[in-house]
Each structure stands twice: as C-alpha cells, then as structure tokens.
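Asks: The structure is given below, and queries will be raised subsequently.
Here, each number is a calculation from the coordinates, and none is a lab measurement. Quick caveat, the model's predicted, so the values are computed rather than measured. Reconstructed Cβ throughout: ideal geometry from the backbone, glycine too, with neighbour counts over all protein chains shown.
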Amino acid sequence: MAKGMFVDTSICTGCKACQVACKEWNGLPGEPAHFHTVPDRPYPVAFNFTGNSYDNTGKLSATDWRHVRFIEQFNEGRTEGRWFFSSDSCKHCKDAGCLNACPVKAIVRTDMGNVNVQQDVCIGCKYCIPACPYGVISFSEQTGTVHKCTLCNDRIHNGLGTACAKACPTGSISFGEVEDLKKKADGRLAQLKGLGFLKANIYGYSEAGGLNVFYLFMDDPAVYGQPINPVVPQRRLFRSAAITVVTAIAIAAAAIMSFRERGIQKNKEVTP
Amino acid sequence: MSPESQAPRWEWYYIAMYFYIGGVSAGAYFIGSLVELLNKKELRQVSRTAYLIAFPLICITPVLLIADLGQPVRFWHLFFYTKDGMPYMNLTSPLSVGTWALLVYSGMSFLSFLNVLAGEGRLPSEAIKKFHTLFNRVPHKVYAAAGSFFGFFVAGYTGVLVNTTARPLWEASDPLFGPIFITSAASTGAAALAVAMLWQKSTARDAFAHLERFDRVVMIIELVLIGAMIVVAGRYAAPLLTGQFGVMFLGGTVLLGILVPLWLTWRRAASGAANDSMAMLAAVLVLFGGLMLRISLVQAGQL
Amino acid sequence: MIMGSNMAECHPVAFRWPLQAKTDHGAVLMHVDPRFTRTSALCDIHAPIRAGTDILFLGAIINQVINSTRWNTDLFFKEYVVNYTNAAILVNPDYKDAEDLDGIFSGMSKDGKSYSTDTWAYQRGPKPNPAVSEAKTFTDLLLQHVPGRPKTDLTLQNPQTVFQILKKHYRRYTPEMVEKVCGCPKETFLKVAETLLNNSGRDKTSNITYAVGWTQHTVGVQIIRLAGVLQALLGNIGRPGGGILALRGHATIQGSTDIATLYHSLPGYLNMPDARKNHETLKDFILTEAGPVATSYWGNYPKFAVSYFKAQWGDAATKENNYGYDYHPKITDDHSHLPMFVHMMEGQIRGFFVMGQNPAVGGQNARFQRKALAKLDWMVVRDFYETETSVFWKNSPEIKSGELKTADIKTEVFFLPAACVAEMEGSFTNTQRLLQQHEKAADPPEDARSDIWFTYDLGKRLKKLYANSPNDHDWPIRNLFWDYEPEPSEVENFRIKDEPSAHKVLKEINGYTWADKKPLPTFANLKEDGSTVSGAWIYTGVMPEDGVNKARNRQGDNWISPNWGFAWPANRHIMYNRASADLQGKPWSEKKKLVYWDPNKEVKDPSGKIIRGSWVSPAGEGIDFQPTKAPNFRGRDNGIGFDWLSGNDPYIMKPDGKAWLFAPAGTVDGPLPTHYEPYESPTPNLVYKQQSNPLAKTWFVEGNPYHKVADPKYPIVVSTYRVTEHHLSGTMSRWLPWLAELMPELFCEISPELAAEKGIKNAEYMTIETARGEIQARALVTRRMRPFMINGKVIHEIGLPWHWGWQARAEGDVANNLSALVADPNVTIHEGKVFTCNVRAGKRGGAA
C-alpha cells in the first residue's frame, strides 16, 4: 500500500515548522546560497531577504526540501483579502519524471511508494532536474549529487510518520496510507464546498499520473504556482522518438537522393 | 506548462558543446555510411573523409560529458548498476539509452577509422592487418547500414533527451528538437566534410557537388523545422527569440548558419565557377550556425 | 475573538485548538488587529483597528450589547448579570464619571498624578457586629474589620447602580465613533459585535483571547479589564468555551508570575512588603493587604502568608519574629524593569544579573538601556549564546559610533554559560495555569549549568559569606531554608551530580506540614500558626502525597482532561465555574453543562459526618466553590472567606463574590476603562478632553524624549511585534541557520499607499526614525497594512518585528531603539505596541 501525505492548505498557518522539522530530522544545513561571509564576523550571515511576502526560501533546493509559499490577494479597497499558505515538497509522483529520467537507477521507489535518491549511486548528471514538472529535485555542489524529500524514508520504515507531519501544529500535513488520506481529503473538500468555498479543489488525484503527496487548494492551482494538468515528460517520449525516426528516414532519403548520379551512371559496378 | 521546473544548469561548454561535436561527428558518419551504401567509387572520398573525422571528434565527447558530472569518477554507473553489478539501461531515459548508443557508435566509428587507416597502409602492425582482413569480411553494406543507424541515433537522441523534460521551452517545442538536431547534424556533418575535403585540395569535384546539394536540401529542411518549432512553442519560444540567445539563434543559426550559406551556395551554383573560398566560407558558417543552435536551444531553456 | 494577539504566529501550537473548533465544530474566529496577519488569514472575520484604540472598540461592543434587543429580552443575561456581577450594587453618590469630567474620574489629586478611590466605593449597609471581640489570631483580626454588605438595586434602574454608571460611561462609544477613532468600517465592527452577542447565552459561549497586543499599552490593564467586563455582561465567564485566555509570552512565564519573579509580589499573588505602605508589622501587613478582600477566599490570606514565610526560613521563622516577616526585605519604589534602568543610568545600581534576558535589544529605548549598562560596576550574563547584552561593551551601535568607548566602560562583565530547556528538570506552567512536569534529557555541555543550579549554588555561597554577620539585614540570607540537595536517584543517570532537586522545590511550593514533612493535599489545610509551609498556596495539591506529582499525569480525554497535568488552583481548569450553573444550581443548558448542584449527593465533611448535597462535575472538573455550599445558602454578614460568601457568589476571589463590571478598587487609573490615546499619538483624543492616560508612568530624563501629540515630525503610527520564525530578541533563534534563513533581516511592513508617498520600494532599505533613534529595515510593501481614515484624515501605520540585533547569523537593526520609556500605571508595563515615527527611503545615515 502506498504511503503519502495530504496537505490541507485551508488549515495551514504558514508557520514553517515543516521546513525546520525537515531540516532537523535530515540534518540539512542552512541553504548555502542564502548565507555569505561578512568581514569581522566569524560565522556566515543570512542575506536572502526577498520581499516576497514572508517567503525568503524561494524554492526547493538540495537543502530546502520543504518550502512554504505565501500568496497575498488583496484588493485596493481592502474589502477582500486573503492570504494563502501552501507547504510545497516532493510529490512522490506515482509515475515519477525524475525516476524515469535517471540513467543509473539512482532514483528508486521503495515498497512504500516513496521515491528516493540513492546517494551512493547518483553520478550528478542532473538530467532528473528538468524532468520534474514541479522543480523539486535539485543538485548540491557540496555532494555532487541530487537531493530531495525522501518522505522520511527511515522514519516511515520504522513505524513513524514524516517529520513535517509530526511537527505541523494544526494537522495541515497528515501522513498515512494514500487511500485513507484520499477519504479524509474528500471529506474535507465536501465540507469546504458546503461552507461556500466553491473554488476549493484537490490537486494530485490525476495530475502527472497521480501524486502520493497531494493537496487541497482553496483556489486555482496556478495561484499556488502549480502546473495545470502536468504530464510526466516521459509520456511524450514515444511520440518524440517516432517523429525523430521519421526525420532520420527523411534525411537518409535526402542523402541517398542527393548522392545518386543524376541517372547517368546508375547501376554501374564500382569496386571499392 | 510547468512554471516551477528547474534548470539542470548544464554548462554550455560541456553539454551544448557535446551536442554539437557529437552531432558533427555523427552527422559526418551517417553521411559517410549512407554514401557507402550507394557503393560508388567517385563518392569514396566522402566516406573515407567521414570515417577519418568522425572518430577523433567523438573522442572529445566523453571528456565533456564526464567533466559535467557532479561525481565524475562514477560515470561507469551509466553502464552498470552498482548494487548488483549488472549492465543497466533505462528505456524511459533518453540519457541512458543514448549513452549506450554513444558507446556503440564510438566503437563503430573507431573500427571504421582504423579500417580506413589500415586500408591505406598507414598502420603497419600485424594485428592491424589481421583486423583489416577480419573487418572486411563483414559485408560493407551491413556495417554501413548499422553505422548510419547509430549515427542517426547519436545525432538525434540528444534532442529527444532535451524535449523529454518539463522546462517550458523544451516541453513546448516537443517533439521537434530530435528532428532539428538530426537535421543540423546532417548539415554540420556535411559542412565538416566539406571543410575537410577542401582542405585536402585533391577534392573529388563530383563528390563535393553532391555533398553541397545534400547540404542545401538539409538546410531547407532545417529552416522548415525551426519555423515549425517556433510556431509550436508559441510564447514559450520567447527566450530563444529575445536577448542574448535571440541573437545567437536568429543571428547566429538562422541567418549566418543557414540563410547566408544557402545564398552563398546558390551564388556559387549560379555563377558556375568553382569558388573554393566561398564554399569554405559557407561550410564554416554552417558549422558556426550549428554551434549557435545547440548553445541557444540548450541554454535558453535553462533561463 | 482574538484581539491584541497574533495567535497563529506567536502561539502556533495553541492555535490549532481554535482552528479545530472552526473546522470541526463550526466555531467563528474573529481577529481584531491593525494588521492582516497569519492569524487573520485563518479567521472568518478580520476587523482592522488603529493601534491603541482597543478600549473604544470593546466599549462600543458593550454599548451595542447592552442596548440590543436580545440582551434585554433573553432572561439568561439578566439572571447572570444581576446575580453574578456587581451590576446591581450602588456606588458612592459623589462618584463622577469620565462622562462628567471629560475623561477623568472623581478623586483626582491636585497634581493630577493619582486618584483617591473614596468616591468610587460601594454604598454599604451598616457594619455588622464583629464575630470576635478579641483578636487572638490574624484571622480574628480580619473578623474585626468586616464591612457592611454592599447596597443593591436588583432592578438596575437606580442611576447609582454600577449598571447605569456603566451604561452612561459607554453611551458615546457608538459604531460611528468606532469608524471615526479606530478606523474600522462600521459594518465590520457590527459584524463582530453581533457575532459575539449571538454566540453567547445558555447554549453558546464565546471566548476572548489576547496577548501582549493588549498588555503593552499605557492602558494595558484597562483594556484587559474591559474584556472581562464584556464577557461578564455576556455571561461567558466560568463557563466552558467562554472566558478570557491570556496568551503568555514565554514558556513557563505563567510559573514565573505564579512563583513571583516580579518585584512587587510574593508567590501565589500575595503582595510584597512595601515600606511605602502600612506594612510595619505582620499584623499591619495582613490588615492592609487582606483587610479589604477578607470577605472573599482571600480571607485565608494569613494562612497563605504565614506558610510562605515559614517556607522561607523554616525553624528560624517563629511566632516571636512574626515568622521572619520582621526581617523580610521591603520595597521602597517601583523596581520594575523601566525605572530600574532609569536608576541604572543614574548610577544607582551597582550590579546586575541578566539571566535569559537581552535588554540591549529587548528593552524599550534600547539605546538608553545599553548606555545604562555602562554605568554598572558589574554584570553577570547567563545565556547560551553571546547575546547583544553580553557584548555591549565591545560591540554595539554605540561602540561603533564612538558614543561609548570600551576603554571608558568600567562595567565588569561575567558571561556564564547556561543550560537550555532540554537540559533541565522541573515543572512547566502553561498559560492556562496547567503544570506539567518537564524532564531533563541530557546534561548541558562542560561548564554550562541550569538556572536552578546557579541560584542554589549562589545561595549556598552567600549563606556561607554571611554566616557570621551580626547585621539584621543579613538575617534573611543567614537563616534562609536552603536544602535542595538531590536524592541519588535524581542524578544517577547524569554527569552533573550536584544539580539541585527540582522535586524538593516543587514539594516546598506545594506545601507540607513542617513537623512531619508530609505534603498537603489542598490549600484548605494551610494554617496561620507556623505548622505548615507552602511556597505558593495556589499550587498546593500538585503533590498531594509523597511519591505523587500530578504534574506528571498524562492521561488526556476530549475535554477537561483532569488527569493531564495539574491546573491550579486545585486542578480547576475553568475558574469561577460556579457560574456555569444558574441560581438554582442547575446547568444553564445541557450543552454547556460543567458543574452543577446535586442535592442528593452524599459527602463526608472533615469530621467524618455525612452531608447531603454537593456540587458535582461528571467531567472531572475541579469545583471552584465551597463543595457543599447550597445555591440558596446565605453567607454570614460578619464572617470572612467562605463564611461570608453566599451560594450565588461564584467569584470567590472578589470581596463581594461578584464579577466587577465597575472596579471600586484595584486599578489606579479609573474604575471603568476609558478611551485614552496612546502616549504618542497622531491625533487628539476625539472622545474626551483628557488626551492620554493621566497616570501613565513617564520619565522625563535625558535620552528619553517624547513626541508631542499629533507631532507633524512624527505623523506615522508604529507598532512592534513578533513573528513565528524568531523568538523575542532573537538570542535563541537568530543563531540557528534554519531559522536565520527563514527571516534573515529586519523588515518593516508598510502599505503600498505610504510606500508610494515616500518613494519606498519593496525589498529595498527604508529608514524609520523617532526622537530616540533611527534604524534601517527592508521594506515589505503589502496591502496587509492599510491606511486608516481617522476623523477624515489619513493616518498611516507601519509594523516592525523586533527580533533583530547585531549578533548572530541573521542580523538587523534594533527596532526598540525607536521606542520610549513610558508605561502603564498599574503594573509599569511598557507601551511598546504603539508610538509614532516617521519614515523615508534609503539606509539610515543618508546612504542609499
């Protein structure tokens, strides 16, 4: 049975405990790109203020495996105001672009359905990075390999849940069997729709073949920076390969036609 | 489209350069192989030149590819899965399949290279002589057919590789990169052959004329494919049409790499004169345009 | 209603409960705040108000409620208010209200700096005959001074009733006034008021939750009190789902006020002996402090006080020396943080212990406080990071600017490494009065030690130093009962073997009989004859017998969870819960049933006799009332404590047994909360002539200049606050890379309107200045900040989280450089939540 997480953004308070719990459990350092050395300071200082609401993390990286997004929607008259929060991470897709792209089998799916990078196998070719529709998996200059959320692989194989779900104070992130989580999500969606939140939607039942880490959004997924109806890139592989083969045949034909004699010395035997 | 996909941060001097050099090598090689299939004496110089330049070019590429890796010493993982030591290939990964294809192609181009040298008596060793005999037992057409297949594969798989990702430009232009790369490989391969042949000075004129004609056809096909790609990619083609990569792509590839050479060869054909320097210029421009094509397509997708 | 609090950001773990109430039970969450914060995002309603106008907003809700049809027709409100509050009590006819005196009350002194409360007092019946003729004990003393019962008019029509006074006082607090003064749209205000009213009554209750957004004002105490008044009028106090929740600002700070690290109180909220009051002898002390409140459960004050003194000095505390009271230190002044620093600046303070505190960043007018530190002879800093305070002498803005020179600073600074929370054992007291045992997980590294180790060791050394001193003023330390040596089992798993026994400390706090050292099960067992000790009477019961520590209990259920931890007093979770039943002792409704009178329940009294009739709570809730007192019991007119209180007096800690809508005593700045503008305000008071709190504590000293009212140089309102990502002055959070990168720099939240006006661009630097100093911050331009339309004029407000200092991985200017030393007159809490400033684009000092 596949394990996963359900992220109910309607009860997320944007506290970022999930980001910190993830770092703590996985022993991740502060994101190197966010710190620089300053003269007469014996420690690196953070300088990553973005001005983008309360989000200074920016995006997922090799050391940021969770990233809380902040979306402000206010009209000028302040009569309508909403502030959405959404904790982004690897979706552990049922059909994973990164796994499909890896040429060395460094990226594997465990018996619990989560997708992991075997750090001792990865060669750092970085091909998995653009293969992910969500921009999750990232390269680390320090290790020369790629990293991403492991769904707390060690924890879940020892009877525990994910660190982020445990730390989440409101229960916005819940860990469990994907089928059970779906029931919970459906219930919550129905409740929200009943309360008049008609734009609420579940993201991840069918997207990219189905996501083991799926979301309840209160607005269009594009508002949360998620692609609408993403397709795992490898689904296009057959068509791409086929068209390329056709082109090859066409070029070959062009070559053969160009290099043939203009009918004069056809069929003449030529010794090599 | 995926607003969130990340760029692999492949350096232009490693990956785009590999696409280019690999393309030139493979393009020259499959032209040489196809020509050999036709089995015409006067075209032999084409094949021969092709085999002589394909292998040295492809030798550069592993260096580029391995240098780009985060863990270069582990490159052999591409062939053997470390956990069980068995050979490994991932059919859903163009990178995996392509790497094997590159391996086979390298081997084939090496044998072809060796065979040409051996055939011309340039390698006096006994082992080489034995090899030459054995090699020529295999029917040439078979080897040539296989050779051209692997040549096309190496030329085109990199385009498929790039398209099989979620970067907006690359996803939007799917499935045209493979065709464009093959076409460009053919064009730049032919141009490389042209340069090599002009350099030798003892050019078989007929063969050269055929080569030029081939390159003209290919360049037109390339233009059509590029046009189709821009249309298909729509607004996601913007990074390719603006800024520094716009200059590289439109100025470097389309203008200098295709339109100008086309005009030059048309001028040459029309004037009838065998203007070698114009031919050389056209060929060099085509080569330049091919490099610009790879760099702009690969780097613009990473913006 | 969450007001004066940003609960989701500052109490994120606690916030899950209101959120769960919303998602699972349809609760309506409302957030009243100048900014739209992460709390507002999760609430159903956000009502924006200009900082510092909370009293007007709350008073307007009261005005709305008491004039509404529902409140006047639903008999629940009438029954609750008439019988459980002091609404019906008559006040001195000479009383003059703020409505009569344009913003002040009768009794103001000539210098305008204090009130005499005589005119605020109740009208009372004649004094009863004392129950004793001779005062043999302290209790007897109190029995001799019982006043007459307050006079009442149960129809509430008499203009001298508290209710009519209240009604008159708030009659101009209208929705229009709210819009004019608070800048909150009328419709939004009405929605809040309607929601509260409609969610109160027999079947529903509403809760109000607040934090330092209410406390840190010159009218802080009055704001909070007004919420109490509102909740009492709505019948929400003492009832499940109702009440007022104060969200405290630090872990276990509830414990720190319970066990009193405050200068002006003794543990258990007894008062500190004060040389300015009639506290000459223990008798005087008890009469002065307990006398006015003896007709409440405070009538047992003598037992609490004597048990406390006995706990301090053990055998040395005898009847002859008044249990050590004669030697107990007495305060002579306001020794709280702000005046202490003023004295420090004047050179009057020699040495200073700074334990887990960082005044160099956290103190108001931080520059003033940093410069004051330079006047000390010595300072001991205990912390586990090198805080700004610990290095003020070698690295600070004042050192950088040359204002202070290291060579000239004579302060000797000792930095002692402290243990952190996982390295200490002890009980934790949370904001809802819940004690939970907190276990030590590991030793602190090397020489780092816990605060209890340090204090115990310091005490031991001082005792040794003073052992042979003949001086009276050294008697308290010489004779201090100071044995908290650990049992072997307490330290066997750890490296530090001399860690004092937190268990012994808690046992002493709980209390035990001195002779046999047996723990006391309840504070009802405390005696005034020196036979019992108790460090803090309110905690009695946490250790009811040897070997039992209720703070360790961990059995929760879906509601009261009486077997999870220990809630003082006596494991009562909802105070005044007698009020959850009506006059007959029946629950107001089945839905809101908590505590009720069972006339047939049989219980044994202390002598073993069977009594019929008792208050019960099936949910396991502690009964905050005399358990066997029937609802119709009439208290004795000349009794004290429980004897005086009747069966319908739920507010057992008030001397009239009622909730105080009107405060005849206790608040120095008025019996009824009144809208005063903050000390620094961009607008004159639009409700009264009296601009701001007349009794606000101010210090007109060098380095502490104030802005004028509506000062054109400083027209912008500024508020300081906190965010989830950092903790207070950042001493614990800004060193941690995981937190430093979440919020790396000081930023200022500013509306697009103000930013456009000043040419300030998002993410670029801006400068904020006051007469106290100027700082730079990154601009965060957001529509969550809004301009307020106050009386037709646009008033802008900006916001500054104050977590940053110059040390650590996330650095920024000190926001508190901007604020002034100005405070509430009741408790000297600083007004940090609202003052004025000006802003401009660019870095401070004129750089771009």
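Asks: Output the relative contact order of the stretch B:1-155, whole-number percent, from Cα pairs under 8 angstrom with separation of 6+ residues.
Replies: 34
Asks: Could the peptides C:467-475, B:28-36, C:423-431, C:332-340 be put in order, highest first, of the mean number of other beta-carbon atoms found within 10 Å of their residues?
Replies: B:28-36, C:423-431, C:332-340, C:467-475
Asks: Something else about it: Rg and Dmax in Å for the stretch A:115-226, alpha carbons only: what are they?
Replies: 16.6, 51
Asks: At a temperature of 20 °C and a viscosity of 1.002 mPa s, determine how fast the stretch C:646-727 diffuses translationally according to Stokes-Einstein, using the Kirkwood radius over alpha-carbon pairs as Rh; express D in µm²/s, rounded to the nearest whole number.
Replies: In µm²/s, the coefficient is 129.
Asks: Relative to the compact globular guide of 2.2 N^0.38 Å, what is the alpha carbon radius of gyration of chain A, as a ratio?
Replies: Dividing the Cα Rg of chain A by 2.2 N^0.38 Å gives 1.32.
Asks: Now for a separate question. Structure shown: which of A:Lys94/A:Lys126; C:Lys168/C:Lys658; A:Lys23/C:Lys394; A:Lys16/C:Lys593; C:Lys78/C:Lys151; A:Lys3/A:Lys199 lie over 29 Å apart, alpha-carbon to alpha-carbon?
Replies: Where the Cα-Cα span goes over 29 Å, the pairs concerned are A:Lys23/C:Lys394; A:Lys16/C:Lys593.
Asks: For the stretch A:164-172, in order, what is each residue's ³J(HN,Hα) by Karplus, 6.51 cos²θ - 1.76 cosθ + 1.60 with θ = phi - 60°, in whole Hz (x at glycine and Pro)?
Replies: Going residue by residue, I get 5, 5, 5, 7, 4, x, 9, x, 4 Hz, with x marking Gly and Pro.
Asks: Using a Gaussian network for chain B with springs between C-alpha atoms less than 10 Å apart, which of these wobbles most: B:His132, B:His210, B:His77?
Replies: B:His77
Asks: Additional query: Please identify the cysteines of chain A that lack any partner cysteine with a Cβ under 4.7 Å from their own Cβ.
Replies: So far as the 4.7 Å Cβ criterion goes, A:Cys12, A:Cys15, A:Cys22, A:Cys93, A:Cys102, A:Cys122, A:Cys125, A:Cys132, A:Cys152, A:Cys168 stand without a partner in chain A.
Asks: While we're looking at this one, here's another question. Please turn the phi angles of the stretch C:65-81 into ³J(HN,Hα) values with the Karplus equation 6.51 cos²θ - 1.76 cosθ + 1.60 (θ = phi - 60°), one per residue in order, whole Hz, x for glycine and proline.
Replies: With coefficients 6.51, -1.76 and 1.60, one gets 5, 6, 9, 7, 5, 4, 5, 8, 10, 6, 5, 3, 4, 4, 5, 5, 5 Hz.
Asks: OK, next. Each residue of the stretch C:409-418 in turn: what ³J(HN,Hα) in whole Hz from Karplus with 6.51, -1.76, 1.60 and θ = phi - 60°, glycine and Pro shown as x?
Replies: Karplus values, whole Hz, x for Gly and Pro: 7, 8, 5, 8, 10, 10, 10, 10, x, 10.
Asks: Considering Cα pairs under 8 angstrom that are at least six residues apart, work out the relative contact order of chain C and quote it in whole percent.
Replies: In percent, rounded to a whole number, it is 15.
Asks: Here's a follow-up. Over all pairs of distinct alpha carbons, what does the Kirkwood formula give as the hydrodynamic radius of the stretch C:573-698, in Å?
Replies: 17.6
Asks: Averaged over peptide B:175-182, how many Cβ atoms belonging to another chain are found within 10 Å of each residue's Cβ?
Replies: Mean partner shielding for this stretch: 6.
Asks: I need the peptides A:41-54, C:402-415 ranked by packing, meaning the mean over residues of other C-beta atoms within 10 angstrom, with the highest value on top.
Replies: Final packing ranking: A:41-54, C:402-415.
Asks: Also, quick follow-up: Using the beta-carbon distance between C:Asn558 and C:Thr455 and R0 = 35 Å, what value does 1/(1 + (r/R0)^6) give for FRET efficiency, to the nearest 0.05?
Replies: 0.30
Asks: Over all directions, what mean area does the Cα convex hull of the protein assembly as shown project, stated in square nanometres?
Replies: 64.6
Asks: Here's a follow-up. Any chance you could list the semi-axes, whole Å, largest first, of the equivalent ellipsoid that the Cα gyration tensor gives for the stretch C:397-460, using √(5λ)?
Replies: 35, 17, 12
Asks: For the stretch C:1-122, taking Cα atoms only, what is the radius of gyration to one decimal and the Dmax to the nearest whole Å?
Replies: 19.5, 57
Asks: Moving on. Please report, in cubic angstrom per residue, the volume enclosed by the convex hull of the alpha-carbon atoms of the stretch C:469-603.
Replies: Details: hull volume 25.8 nm³, N = 135.
For the stretch C:469-603, the hull spanned by Cα atoms encloses 191 Å³ per residue.
Asks: To the nearest 10 degrees, how steep is helix A:178-194 against the longest Cα principal axis of chain A, on a 0 to 90 scale?
Replies: 60
Asks: Name the long-range amide H neighbours of C:Glu499: under 5 Å, sequence gap of 5 or more, or other chain; modelled H, no Pro or chain starts.
Replies: It is none; the list stays empty.
Asks: Here's a follow-up. What does the convex hull of the alpha-carbon atoms of the stretch A:123-167 project to on average, in nm²? Show your work: numbers first, answer last.
Replies: Numbers: hull surface 17.1 nm².
One quarter of the hull surface, i.e. the mean projection, equals 4.3 nm².
Asks: Need the C-alpha centroid separation for the stretch C:281-326 versus the stretch C:753-799, integer Å.
Replies: Each part reduced to its Cα centre gives a spacing of 54 Å.
Asks: Can you give me the Rg/Rh ratio for the stretch C:505-570, using Cα atoms for both radii and the Kirkwood formula for Rh?
Replies: 1.03
Asks: Ok, one more. Would you mind computing, in nm to one decimal, how far apart the modelled labels at C:Arg70 and A:Glu179 are, each placed 7 Å from Cα along Cα→Cβ?
Replies: Spacing of the two 7 Å Cα→Cβ label points: 4.7 nm.
Asks: Please report the relative contact order for the stretch C:147-259, taking Cα pairs under 8 Å with a sequence separation of at least 6, and give it as a percent rounded to a whole number.
Replies: 20
Asks: Further, regarding this structure: Over 25 Å between Cα atoms: which of C:Lys375/C:Lys713; A:Lys91/A:Lys182; C:Lys113/C:Lys654; C:Lys375/C:Lys843; C:Lys180/C:Lys761 fall into that group?
Replies: Details: C:Lys375/C:Lys713 32 Å; A:Lys91/A:Lys182 15 Å; C:Lys113/C:Lys654 27 Å; C:Lys375/C:Lys843 31 Å; C:Lys180/C:Lys761 30 Å.
Beyond 25 Å: C:Lys375/C:Lys713; C:Lys113/C:Lys654; C:Lys375/C:Lys843; C:Lys180/C:Lys761.
Asks: Taking the number of other C-beta atoms within 10 Å as the exposure measure, put C:Met108, C:Met3, B:Met219 in order starting with the fewest.
Replies: Ranked by crowding around the Cβ, least crowded first: C:Met108, C:Met3, B:Met219.
Asks: Mind checking which helices in chain B clear 27 Å along their axis (Cα) and have mean Kyte-Doolittle hydropathy of 1.6 or more, DSSP H runs only? Numbers along the way, then the final one.
Replies: Numbers: long enough: B:17-38 (32 Å, 1.33); B:44-68 (37 Å, 1.18); B:94-119 (36 Å, 1.31); B:140-163 (34 Å, 0.95); B:177-200 (33 Å, 1.30); B:205-233 (41 Å, 1.24); B:276-300 (35 Å, 1.67).
What comes out of the filter, once short or polar helices are dropped, is B:276-300.
Asks: Now, a different point. Could you calculate, for the stretch C:264-346, the ratio of the Cα radius of gyration to the Kirkwood radius, expressed as Rg to Rh? It would help to have the intermediate numbers written out before the result.
Replies: Working: Rg = 14.1 Å, Rh = 13.8 Å.
That ratio is 1.03, to two decimals.
Asks: Other chains near B:64-70: what is the mean number of their Cβ atoms within 10 Å of each residue's Cβ?
Replies: Working: counts 0, 1, 2, 0, 3, 7, 13.
Counting Cβ atoms of other protein chains within 10 Å of each residue's Cβ and averaging gives 4.
Asks: Within 10 Å of each residue's Cβ, count the other Cβ atoms and sort C:Ile49, C:Ile477 from fewest upward.
Replies: C:Ile477, C:Ile49
Asks: Sticking with this structure for a sec: Sort B:Leu69, A:Leu195, C:Leu746, B:Leu293 so that the residue with the fewest other Cβ atoms within 10 Å of its own Cβ comes first and the one with the most comes last.
Replies: Numbers: B:Leu69 20, A:Leu195 13, C:Leu746 24, B:Leu293 29.
Fewest to most other Cβ atoms nearby, the residues stand as A:Leu195, B:Leu69, C:Leu746, B:Leu293.
Asks: Just the C-alpha atoms of chain B: what Rg/Rh do they give, with Rh taken as the Kirkwood radius?
Replies: Looking at chain B, the ratio lands at 0.99.
Asks: Okay, moving on. Starting at 0 and stepping by 5 Å, how many percent of the alpha carbon pairs of the stretch C:203-303 end up in each bin?
Replies: Using 5 Å bins, I get a P(r) of 3, 11, 14, 15, 20, 17, 13, 5, 2, 0, 0 for the stretch C:203-303.
Asks: When the convex hull of the C-alpha atoms of the stretch C:70-229 is computed, what volume per residue in Å³ does it have?
Replies: Considering the Cα atoms of the stretch C:70-229, their hull volume per residue is 200 Å³.
Asks: Work out the P(r) tail for chain C: percent of alpha carbon pairs separated by more than 51 Å, whole number.
Replies: 15
Asks: Counting pairs of Cα atoms in the stretch C:360-399, how many percent are more than 14 Å apart? Working shown, then result.
Replies: Working: 321 of 780 pairs.
In whole percent, the long-distance tail amounts to 41.
Asks: Still on this structure, please answer the following. I'd like the projected area of the stretch A:145-208, averaged over all directions, using the convex hull of its alpha carbons. Report it in nm² with one decimal.
Replies: Over every viewing direction, the Cα hull of the stretch A:145-208 projects on average to 6.3 nm².
Asks: Hey, could you grab the Kirkwood Rh for the stretch B:41-134? Inverse mean 1/r over distinct alpha carbon pairs, Å, one decimal. Show your work: numbers first, answer last.
Replies: Values: mean 1/r = 0.0644 Å⁻¹.
Hydrodynamic radius (Kirkwood, Cα pairs) of the stretch B:41-134 is 15.5 Å.
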